[in-house]
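Only one structure is covered here, and it is reproduced in the block below.
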Amino acid sequence: MENIIFGTNWKMSMSRAQVTSYVHDLREELDAWDGHPDVFIMPPYTLIQPMAKLLKDSRVLVGAQNFHWAQGGEFTGEISIPLLLETGAKIVMVGHSERRHLFNEDTPERRQKLTASTTQGLRTVLCLGESLEERRSGSWITSMKTELHALFEGFSAPQLKQIIIAYEPYWAIGVNGIPASTPEIEEVVSTIRQLVSEFTQQTLPILYGGSVDEANCERIMAETSVEGLFVGRAALDAKRFVSIMHRSVKERQPT
Ligand code: PGA
């Protein structure tokens with residue numbers, strides 16, 4: 001892992017009018033930061049193209065929160081990877097917990113998407129994370145094993161290289177989320193790391209997401225082994241997002 005990674009998922013937030021000032025603020029901060037961390041932003045579909053344009057000559061990747069695995073065809077209302085590539089998207093997300101829970105995205109569908117994006121050269125954020133019941137009963141370990149095996153089986157090294165894992169416990173996400181403690185985060189992160197290396201003989205970056213903000217980012221970076229953070233609400237303001245990056249990176253600098 002070379003760089004610390006910070007990503008944000010905007011869900012249905014933000015508008016075309018807000019994008020210009022967001023990018024202006026973000027660039028002002030990042031351009032002044034020598035060797036800034038890796039950053040990706042997943043706005044709503046309609047904002048990908050304008051954002052990708054504004055960030056063209058930067059290292060910030062812009063991409064989609066979801067997509068369809070087929071190259072094209074009769075799938076009304078869906079978006080394919082070739083269409084996303086035309087907008088300037090460089091990264092996509094697979095299996096955010098809201099997609100799994102609200103839109104019933106199951107493991108075979110997630111695998112199809114992961115196969116499509118990684119074979120078409122797109123960085124892919126794969127979201128993983130247990131429900132509160134799975135956590136309390138301890139069944140999350142078996143579910144995680146089954147899930148990772150089903151998702152990664154037969155994947156080639158170049159495919160795996162495209163993947164960034166985002167560990168987001170379902171119960172810690174959003175306005176009603178219960179923030180996870182650092183031992184709770186590290187327990188799952190280290191298990192995922194071990195399972196991934198067992199199944200694939202590779203090391204993939206693992207981010208943590210779920211109610212990350214300025215108040216908890218330093219602790220998460222100091223007390224867990226994550227390679228970065230995946231931020232929702234607290235990154236809807238570019239200056240707050242960069243402030244989270246600064247505080248987090250500081251925790252990993254040699255003293
Ligand atoms: P949150 O969202 O930071 O607002 O909890 C995280 C996410 O859903 O990825």
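If you take all C-alpha pairs in the range 1-134, what percent of them are over 20 Å apart?
48
Springs between alpha-carbon pairs under 10 angstrom, Gaussian network model over the chain: which of 52, 89, 150 fluctuates most?
Most flexible of the set in this elastic network: 150.
Taking N as the number of residues in the range 1-52, what value does Rg over Cα atoms divided by 2.2 N^0.38 Å take?
1.21
When the C-alpha atoms of the range 192-255 are aligned to their principal axes, what extent does each axis show, in angstrom, from largest down?
Ordered largest first, the range 192-255 gives principal extents of 39, 30, 15 Å.
Restricting to Cα pairs below 8 Å that are 6+ residues apart, what does the relative contact order work out to for the chain? Please round to a whole percent.
Averaging sequence separation for qualifying contacts and normalising by length gives 19 percent for the chain.
In debye, nearest 20, what is the charge dipole magnitude of the range 146-194 about its Cα centre with +1 on Lys and Arg Cβ and -1 on Asp and Glu Cβ, if you could check?
Rounded to the nearest 20 debye, it is 200 debye.
I'd like to compare 204-210, 20-26: which one has the highest average count of other Cβ atoms within 10 Å, and what's the full order after that?
Going by the mean number of other Cβ atoms within 10 Å, highest first, we get 204-210, 20-26.
Could you point to the residue in 221, 211, 126 farthest towards the positive end of the range 126-227's charge dipole, with +1 and -1 charges on the Cβ of Lys/Arg and Asp/Glu respectively?
The residue sitting most towards the positive pole is 126.
Considering only the other residues whose Cβ falls under 13 Å of the Cβ of residue 88, what net charge follows from Lys and Arg at +1 and Asp and Glu at -1?
Around residue 88, the charge tally is +1.
Based on Cα coordinates alone, diagonalise the gyration tensor for the chain, multiply each eigenvalue by 5, take square roots, and list the semi-axes in whole Å, largest first.
25, 24, 17
Calculate the dipole size of the range 10-100 relative to its Cα centre from +1 charges on Lys and Arg beta carbons and -1 charges on Asp and Glu beta carbons; express the result in debye to the nearest 20.
220
Between residue 24 and residue 251, what is the label-to-label distance in nm when each label sits 7 Å out along the Cα-to-Cβ direction?
3.2
Using just the alpha carbons, could you tell me how many Å³ per residue the convex hull of the range 164-233 encloses?
76
As a check on your grasp of the helix formula, calculate [θ] at 222 nm for the chain: sum -39500 (n - 2.57) over DSSP H runs of n ≥ 4, divide by the residue count, round to the nearest 500.
One gets -13500 deg cm²/dmol as the mean residue ellipticity at 222 nm.
Could you work out the relative contact order of the range 77-160? I mean the mean sequence separation of Cα pairs under 8 Å and 6+ apart, divided by the number of residues, in percent.
Computed value for the range 77-160: 35 percent relative contact order.
How large is Rg/Rh for the range 122-255, to two decimals, with Cα atoms and a Kirkwood Rh?
Rounded to two decimals, Rg/Rh equals 0.97.
For the range 1-56, state which GluC sites (Glu not before Pro) are in a DSSP loop and have at most 10 other beta carbons lying within 10 Å of their beta carbon.
2
Treating only the Cβ of Lys, Arg, Asp and Glu as charged (+1, +1, -1, -1), what charge dipole size does the chain show about its Cα centre? Round to the nearest 20 debye.
In debye, rounded to 20, the chain gives about 380.
Every number in this text was worked out from the coordinates using simple rules, so none of it is lab data. All values reported here derive from a predicted model rather than from experimental measurement. Neighbour counts run over all protein chains shown; Cβ positions are idealised from the backbone, glycine included.
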